[in-house]
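Asks: Following this message is one structure expressed as structure tokens.
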Amino acid sequence: GGPALPTKSGVPKVVDDQLASNILMVSPAGFRSNEETKQDNKFMADVDASTDVGAAVLAEWNALAQALRDAGVNVIAMEAQGLPDEVFPNNWFSTHSDGRLVIYPMKVPSRAKEVRQDVIDTLKAKFGLSAGVVDLSGWRESGLALEGTGSLVLDRPNRIAYMALSKRADKNVADLWAEELGYELVTFGTADRSGEEIYHTNVLLSVGVNFAVVCLDVIPVESERQKLVSSLKAAGKVVVPVSLEQMENFACNCLQLQGSSGTVLAMSAAGWESLNFSQRGMLESCVDSVVAAPVPTIERLGGGSVRCMIAEVFAAKEPALPGMPAIESDVCSLESETGRLELVIVHEPGLEVDSVMPWTLEPMKVDECLNRIELKAQHRVFAQNLRSRGAEVLHVRDLLTAIAAQGEESKRRLFDEVWGSDFVDKVGLSNLHVDQLVTGYSRGPLDFDKPPLMNLFFMRDPAFCVPGGWVVVSRPFYPVRQLESKLMRAVFSMHPLFRDVKVFDGLHNDPDVFIEGGDVLVVDQETVLVGVSQRTNEAGAQKLAEFLFQHTPVKKVCKVYIPKQRAFMHLDTLFTFVDKGVVLTMPYFWSKPGVYAELARRANALNEKMGSHERHDIEEWTQDPPRIEMLTKGESAPKKYKHAMSGLMAEGIVEKTLFVCGPEGSWPTPEEHVARALTEQWNDAANVFCLSPGTVVAYKWCTRTTTHLQDNGVDVLELDGVELMKGRGGARCMTFPVRRSAPLEV
């Protein structure tokens with residue numbers, strides 16, 4: 001998430017999870033309408049006198065607990081003391097991944113009695129909460145209240161707390177809480193139908209990993225409403241607005257949890273049923289499953305719903321080194337292009353792009369000069385898009401800083417591996433900073449002893465992951481990019497996070513080999529595609545296949561031969577997966593390459609009429625059209641397919657094709673379709689990046705392509721990246737995915 005504010009107590013920072021897989025629920029013995037809380041909880045109402053309240057409430061509670069267990073959430077059930085509102089435990093305590101437990105001041109005496117030492121001791125012992133208890137409950141004696149995650153709705157990774165001001169949410173106590181916990185506090189006033197303030201924030205707002213459900217109609221001050229929406233959107237949340245009536249049915253009183261088979265949205269049946277088709281669709285696209293449990297008696301008598309009944313429990317995590325999040329499972333695990341993204345490395349462009357000027361465009365392999373301020377801003381939005389769907393995003397700069405922070409010996413080894421010991425001795429280690437490994441070592445403008453790594457923000461190419469937990473170090477086509485591979489080899493060999501990751505660097509120093517990650521697509525655990533292109537040669541594809549067959553679970557390597565042209569520099573510039581078996585590619589590229597030959601002929605004729613000497617190769621399309629060769633482990637001869645897409649379908653790799661600028665046959669002629677598609681493809685329309693099955697990041701500018709994807713059920717996170725596009729790379733180019741979840745079997 002975003003940068004955390006320092007904590008007052010100095011408790012070491014950890015990377016907080018948003019989703020709890022463990023929750024605490026308190027049984028409803030003693031549950032009844034509480035006259036003390038009824039004064040400001042306008043959601044409370046009476047029930048039919050004939051209702052057996054005890055039996056009804058117990059049945060509702062049990063059904064919810066069982067539904068959450070069935071979804072793979074660990075439910076810790078505690079017996080009640082007989083108090084009226086104990087069924088809502090999230091108000092008196094919260095737990096945090098830094099190992100702390102917070103106790104909150106409750107507004108009324110009956111609720112203050114809910115604080116239980118046995119619960120505190122149980123949670124501390126079971127979940128390693130040993131960093132101390134932050135006890136704010138004494139503020140109740142001064143008539144001040146702050147009722148836990150009822151008053152505070154938390155975006156934990158970004159360390160933002162949202163709070164509706166009320167008698168149960170005092171601003172001064174909240175400021176103290178935010179200072180202690182290291183959160184930014186966003187507050188706002190509210191008013192219901194009668195002009196009364198809403199008693200708890202969590203009945204009008206819920207924040208998940210990548211979405212927020214909110215009733216904006218109850219925030220009367222326009223500036224506060226805009227500030228809330230801006231904060232949510234800046235944190236990468238899809239805002240799902242609900243009406244006042246839907247809020248009154250507890251549509252906002254929901255909570256995203258982590259189940260054993262994916263994320264779970266927990267809410268009441270009344271809340272879920274109040275949503276319309278579009279709202280449900282938005283939420284279903286953001287979670288793996290929905291638990292909508294009927295709790296009508298609890299809602300009416302207690303004035304709270306499912307989210308109020310759940311107290312999240314977060315186990316303590318070890319403090320992370322800079323650039324080193326706490327990651328519990330195998331760091332490197334990549335078995336598809338479409339599994340849910342969990343860990344990814346990116347590089348936010350920096351001072352290195354300032355060296356791009358008209359006289360250095362060609363050697364730096366870019367077409368235009370760049371605005372660094374805009375470039376950085378757009379890249380930050382891109383990184384937030386990745387986080388918004390639950391991925392942990394690592395930055396190269398943070399990884400390098402963490403390596404150098406281990407001591408002078410580590411810093412020395414880092415620079416030696418990338419620049420060589422002779423240069424380090426000549427300059428002196430004390431005169432070097434890790435940023436210079438990317439920005440270059442210069443004595444003045446354009447006076448570089450070591451060149452800047454201008455293309456490093458295209459993280460896909462210098463190294464890539466393959467099945468079996470391996471990282472393969474590339475050997476890029478251009479020498480300036482080979483320094484990027486040296487840098488990434490050093491990162492994986494020296495950073496503590498990757499100490500157990502297997503690294504293959506046998507291609508990196510092979511003079512016969514050129515291979516870049518943009519040409520490598522992992523179909524599944526046993527199948528890998530390798531493009532033979534402008535940037536990856538036959539030897540690179542062949543030697544990668546030999547390594548994969550010898551050391552990984554891969555049994556099939558499909559070599560895809562494409563024209564060796566700048567516009568199609570990598571396979572992923574014209575062919576990417578948007579879901580299992582579903583690809584986005586160029587129209588007629590595989591089926592009618594003659595269309596491209598005809599357009600090349602027409603372009604050559606036009607260029608000649610305009611006095612230009614620029615010509616495009618026509619024969620390449622007719623004499624050596626796209627084709628594939630399937631290599632199979634243990635078989636000496638490859639299986640060859642003259643028609644590439646037919647072969648990919650015959651091998652079960654592709655089941656459905658979507659096309660840049662729309663379906664084939666949707667334009668008056670194939671030539672017109674391809675002409676328009678080449679324009680969008682030049683701006684990386686086909687280079688989309690899959691965050692999870694059927695969800696991709698794509699450039700907003702490629703409007704015809706994004707519309708076609710959306711028309712076919714693909715969820716597109718549109719990136720406004722005009723400055724990023726100048727570098728000739730899309731969303732897939734800018735990522736180095738290290739871990740994805742295993743694909744779900746349907």
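Asks: Defining a contact as two alpha carbons under 8 Å apart and six or more residues distant in sequence, what relative contact order in percent does the range 42-184 show?
Replies: 19
Asks: Which angle between 0 and 90 degrees, to the nearest 10, do you get for helix 538-551 versus the longest principal axis of the chain when only C-alpha atoms count?
Replies: Around 50 degrees separate the two axes.
Asks: Which of VAL424, GLN525, ALA125 sits closest to the plus end of the dipole of the chain, meaning its Cα is farthest towards the positive end, when Lys and Arg get +1 and Asp and Glu get -1 on the C-beta?
Replies: Going by the charge dipole, the pick is VAL424.
Asks: Roughly what angle does helix 408-419 make with the longest principal axis of the chain, taking Cα atoms, 0 to 90 degrees, to the nearest 10?
Replies: Roughly 40 degrees, rounded to the nearest 10.
Asks: Between the range 147-201 and the range 261-280, what is the C-alpha centre distance in whole Å?
Replies: Between the Cα centres of the range 147-201 and the range 261-280 lies a distance of 24 Å.
Asks: Starting at the first residue of the range 709-722, write each ³J(HN,Hα) from the Karplus equation 6.51 cos²θ - 1.76 cosθ + 1.60 with θ = phi - 60°, in whole Hz, x for Gly and Pro.
Replies: 4, 5, 5, 9, x, 8, 7, 10, 8, 7, 9, 7, x, 4
Asks: Which angle from 0 to 90°, rounded to the nearest 10, does the C-alpha axis of helix 171-181 make with the longest principal axis of the chain?
Replies: For 171-181 against the chain, the angle is about 50 degrees.
Asks: For Cα pairs less than 8 Å apart in space and 6+ apart in sequence, what is the mean separation divided by the residue count of the chain, i.e. the relative contact order in percent?
Replies: 12
Asks: Also, quick follow-up: Run through the DSSP bridge list for the range 381-506 and note the antiparallel percent, rounded to the nearest 5.
Replies: 70
Asks: Would you compute, for the Cα atoms of the range 306-458, the largest minus smallest coordinate along each principal axis and list the three values in descending order, in whole Å?
Replies: 64, 39, 30
Asks: Based on a Kirkwood Rh over C-alpha pairs, give the Stokes-Einstein translational diffusion coefficient of the range 344-403 at 25 °C and viscosity 0.890 mPa s in µm²/s.
Replies: The diffusion coefficient I find is 189 µm²/s.
Asks: While we're on this one: Regarding the range 411-483, what's the average projected area of the Cα-atom convex hull, expressed in nm²?
Replies: Its Cα hull, projected and averaged over all orientations, spans 5.9 nm².
Asks: If you don't mind, there's one more thing I want to ask. Rounded to the nearest 5, what % of the DSSP beta bridges within the range 528-611 are antiparallel ones?
Replies: Counting only bridges with both partners in the range 528-611, antiparallel ones make up about 45 percent.
Asks: Using Cα pairs under 8 angstrom and six or more residues apart, how large is the relative contact order of the range 449-495, in percent?
Replies: 34
Asks: How many nm is it between the label spots at SER260 and LYS633, if each spot is 7 Å from the Cα in line with the beta carbon?
Replies: Placing both labels 7 Å beyond Cα along the Cβ direction yields 3.0 nm.
Asks: Considering only DSSP beta bridges with both partners in the chain, what is the antiparallel share in %, to the nearest 5?
Replies: Within the chain, antiparallel bridges account for around 55 percent of the total.
Asks: What is the Cα convex hull volume of the range 534-635 when expressed per residue in Å³?
Replies: Hull volume normalised by residue count: 123 Å³.
Asks: What residues from the range 144-166 fall in the zone where the backbone N is under 20 Å from a label point 7 Å along the Cα-to-C-beta line of VAL381?
Replies: none
Asks: If you rank VAL528, VAL480 by how much accessible surface each has, with a 1.4 Å probe, what is the order from largest down?
Replies: Ranking VAL528, VAL480 by accessible area, largest first, yields VAL480, VAL528.
Asks: Here is the link list: LYS609/LYS642; LYS376/LYS656; LYS124/LYS317; LYS556/LYS580; LYS502/LYS640; LYS556/LYS642. Which ones come out longer than 24 Å on Cα distance?
Replies: Too far apart for the 24 Å limit: LYS609/LYS642; LYS376/LYS656; LYS502/LYS640.
Asks: Where does the range 618-718 land on Rg(C-alpha)/(2.2 N^0.38 Å)?
Replies: 1.27
Asks: Could I ask something else about it? Whole-Hz ³J(HN,Hα) for each residue in the range 234-242, computed from phi via Karplus 6.51 cos²θ - 1.76 cosθ + 1.60 with θ = phi - 60°, x for glycine and proline: what do you get?
Replies: The phi angles translate into 5, 8, x, 8, 7, 8, 10, x, 10 Hz.
Asks: Average the reciprocal distances over every distinct pair of alpha-carbons in the range 79-143, invert the result, and give the Kirkwood radius in Å.
Replies: Taking the inverse mean of 1/r over all distinct Cα pairs, the range 79-143 comes out at 12.4 Å.
Asks: Follow-up. Which of VAL356, SER289, ALA650 sits closest to the plus end of the dipole of the chain, meaning its Cα is farthest towards the positive end, when Lys and Arg get +1 and Asp and Glu get -1 on the C-beta?
Replies: Looking along the dipole axis, the top candidate is VAL356.
Asks: Related question: Averaged across orientations, what area in nm² does the convex hull of the alpha carbons in the range 176-220 project?
Replies: Dividing the Cα hull surface by four gives the mean projection, 4.0 nm².
Asks: I would also like to ask the following. Mean projection of the alpha-carbon convex hull of the range 547-596 over all orientations, in nm²?
Replies: Over every viewing direction, the Cα hull of the range 547-596 projects on average to 4.8 nm².
Asks: Given the DSSP H assignment, sum -39500 (n - 2.57) over each helix run of at least 4 residues in the chain and divide by its residue total; what's the result at 222 nm in deg cm²/dmol, nearest 500?
Replies: Value at 222 nm, helices only: -8500 deg cm²/dmol.
Asks: Long-range amide H contacts for ALA463: which residues qualify at under 5 Å (H placed 1.01 Å from N, peptide plane, sequence gap of 5 or more or a different chain)?
Replies: So ALA463 has HN proximity to SER474, GLY517.
Asks: Could you tell me the distance between the Cα centroids of the range 686-746 and the range 84-112, to the nearest Å?
Replies: 42
Asks: Something else now. Using R₀ = 41 Å, calculate the FRET efficiency as 1/(1 + (r/R₀)^6) where r is the Cβ-Cβ separation of PHE423 and TRP682; round to 0.05.
Replies: Efficiency for this residue pair is about 0.60.
Asks: Ok, one more. Quick one: which residues, 5+ away or cross-chain, put their amide H under 5 Å from the amide H of GLY259? H built at 1.01 Å from N.
Replies: Under 5 Å from the amide H of GLY259 lie the amide H atoms of VAL264, each far enough along the sequence or on another chain.
Asks: Follow-up. Given q = 0.13, 0.18, 0.20, 0.22 Å⁻¹, what are the Debye log10 I(q)/I(0) values for the range 424-539, with equal point scatterers placed on the Cα positions and solvent ignored?
Replies: One equal scatterer on each Cα of the range 424-539 leads to -0.57, -0.98, -1.14, -1.28.
Asks: Answer with one residue from ALA269, PHE547, PRO663: the one whose Cα lies farthest towards the positive end of the charge dipole of the chain, charges on Cβ with Lys, Arg +1 and Asp, Glu -1.
Replies: PHE547
Asks: Suppose each label sits 7 Å from its Cα in the direction of the beta carbon; what would the ALA675-GLU141 distance come out to in nanometres?
Replies: That separation, rounded to one decimal, is 8.2 nm.
Asks: Given just the C-alpha atoms of the range 224-306, how large is their convex hull per residue in cubic angstrom?
Replies: With only Cα atoms used, the range 224-306 gives 107 Å³ per residue.
Asks: If I take the Cα coordinates of the range 106-211 and project them onto the principal axes, what are the three extents in Å, biggest first?
Replies: On the principal axes, the range 106-211 reaches 45, 36, 21 Å in Cα extent.
Asks: Can I ask one more? Would you tell me the accessible area of HIS551, worked out with a 1.4 angstrom probe on the heavy atoms of the protein chains, in Å² to the nearest 10?
Replies: Around 90 Å² of this residue is reachable by solvent.
Asks: Stokes-Einstein at 37 °C, 0.692 mPa s, Kirkwood radius from Cα pairs: D for the chain in µm² s⁻¹?
Replies: 117
Asks: log₁₀ I(q)/I(0) of the range 482-590 at q = 0.13, 0.15 Å⁻¹, via Debye over equal Cα point scatterers, no solvent, to two decimals?
Replies: -0.55, -0.72
The values are calculated or read from the model by the stated rules, or taken from the named source; none is laboratory data. Please read all numbers here as calculations on a predicted model, not as lab measurements. Note: ideal-geometry Cβ built from the backbone for every residue, glycine included; neighbour counts use all protein chains shown. Just so you know, the surface numbers come from the protein's heavy atoms only, side chains and all, with ligands and any DNA or RNA stripped out. Shrake-Rupley method; radii C 1.70, N 1.55, O 1.52, S 1.80 Å.
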